[in-house]
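No lab work stands behind these numbers, since they all come straight from the coordinates. As the structure is a prediction and not an experimental result, all values here were calculated from the model. Every residue, glycine among them, receives a Cβ derived from its backbone with ideal geometry; neighbour counts consider all protein chains shown.
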Amino acid sequence: MSGKTAMDCVKLARDPARPHLSDFIGFMCSDFVELHGDRFVNDDRGLIGGFARIGGEKVLILGHNKGASVEENMTANFGMANPDGYRKAMRLAGLAEKFRLPVVTFVDTPGAYPGREAEERGQAEAIARSLEFFAQLKTPVVVVITGEGGSGGALAIAVGDRVLMMENAVYSVISPEGCAGILWRDGSKAPEAAEALKITAHDLKRLGVVDVIVKEPAGGAQKNHRAACAAVKQAVLAALAELKKISPEELLGLRYGKLRAMGNFY
């Protein structure tokens, strides 16, 4: 951890200068073709997907889109997807399964959008169905947590065979501020909550939630986007090379066992 506290990682994970989905696609992928819409309501810009190549490997890319400017932030809802985004993700992942292509997801969201319209359109149902859908997907799934992995909004596209996490990313059921507000009714206790939640990459690796920690350039990924994306690309390709050797049936069994083992500390 190099002396970093959990709250230091939270601040780094939220740094607007960190690589965004567009950077990972630009530096890691070629021939990216975005696909649009959930075929029910609209095309949620908070979650983007499309087919691409990573180092010659044909894949489906799915990821939260926070945006790199104020205008993009607003359009993408700061990476907080609506139900339409999760339904789009399932639709596209279904295409990947049909064409026997692996799925690579990039997780970076404060959480699913909690607004009234999202709830009216079935936010909780969409997330729950997405969890079930990805658990049963008959193609390899590699998850990369690049910034904030916030609650169900992150989990909805984070059920995978290999979970990679960038060194300064965080992944949690609730934000430290939210946790401090609930437990102590005092948001200033967020640093204590962050330590207790075990949300850092190193903590989650020890707990078995994360498989691989992707080392970031000195000072963090925000200092060198190209180097950060190159490290993620190498880790993704290594994971894909392992998973390609496993049959779809065995893959499902291993994925189920991986999920069932989480939270079992005895």
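Extension gain for residue 205 to residue 129 (0.36 nm times residue separation, less C-alpha to C-alpha distance): 24.7 nm. Given a Förster radius of 45 Å and the C-beta distance between residue 264 and residue 73 as r, what FRET efficiency does 1/(1 + (r/R0)^6) yield to the nearest 0.05? Working from the Cβ atoms, E equals 0.70. Taking 15 Å as the straight-line reach from the Cα of residue 233, the aspartates and glutamates in range (excluding those fewer than 8 positions away in the same chain) are 23, 57, 167, 216, 242.
For 171, 113, the sequence from fewest to most other C-beta atoms within 10 Å is 113, 171.
Charge tally for residue 209 (other residues, Cβ to Cβ under 11 Å; Lys, Arg +1; Asp, Glu -1): +2. Each Cα pair under 8 Å and six or more residues apart adds its sequence gap; the mean of these over the residue count of the chain is a relative contact order of 19 percent.
Could you please rank 215, 233, 244, placing first whichever residue has the fewest other Cβ atoms within 10 Å of its Cβ?
Numbers: 215 15, 233 18, 244 10.
Fewest to most other Cβ atoms nearby, the residues stand as 244, 215, 233.
Between the amide H of residue 109 and those of 148, 149, 150, distances stay under 5 Å, these residues lying 5 or more places away or on another chain, with hydrogens modeled in the peptide plane.
Does segment 129-221 come out rounded, prolate or oblate, given a ≥ b ≥ c as the square roots of the eigenvalues of its C-alpha gyration tensor, rounded meaning a/c under 1.5 and, failing that, prolate meaning a/b above b/c? Oblate. With each label modelled as a point 7 angstrom along the Cα→C-beta vector, the residue 182-residue 58 pair spans 4.4 nm. Residues in segment 162-178 carry Karplus couplings, in order, of 9, 10, 9, 9, 5, 3, 9, 7, 10, 8, 7, 6, 7, 5, x, 5, x Hz; the curve used is 6.51 cos²θ - 1.76 cosθ + 1.60 with θ = phi - 60°, and Gly or Pro positions show x.
Annotation: extensible slack from residue 237 through residue 173 equals 20.2 nm (criterion: 0.36 nm per residue apart, minus Cα-Cα distance). Past the 31 angstrom mark, what percentage of all C-alpha to C-alpha distances in the chain do you count? More than 31 Å apart: 19 percent of the Cα pairs in the chain. Computed extension length for residue 121-residue 223: 32.8 nm, one decimal, from 0.36 nm per residue of separation with the Cα-Cα distance subtracted. Which lysines, if any, have their Cα less than 21 Å from the Cα of residue 4, not counting same-chain residues under 8 positions apart? Straight-distance partners of residue 4: 189, 198, 205, 215, 223.
With a 10 Å Cβ neighbour count serving as the proxy for reagent exposure, in which order, fewest first, do 129, 206, 45 appear?
206, 129, 45
Once segment 15-70 is represented by equal point scatterers at the alpha-carbon sites, with solvent omitted, what log10 I(q)/I(0) does the Debye formula produce at q = 0.20, 0.22, 0.24 Å⁻¹? Once normalised to I(0) and log-transformed, intensities are -0.77, -0.88, -0.98. Remark on residue 32: its backbone amide H falls under 5 Å from those of 53, a criterion applied only to residues 5 or more positions apart or on other chains, H modelled at 1.01 Å from N. Helical runs (DSSP H, four residues minimum) scored at -39500 (n - 2.57) apiece and divided by the length of the chain put the mean residue ellipticity at 222 nm at -13000 deg cm²/dmol. In straight-distance terms, cross-link reach from residue 138 covers every one of the lysines whose alpha-carbon lies under 17 Å from its own, apart from those fewer than eight places away in the same chain; here that gives 58, 98, 244, 245, 258. Charge dipole of the chain (Cα centre as origin; +1 on each Lys and Arg Cβ, -1 on each Asp and Glu Cβ, all else neutral): 640 debye, rounded to the nearest 20.
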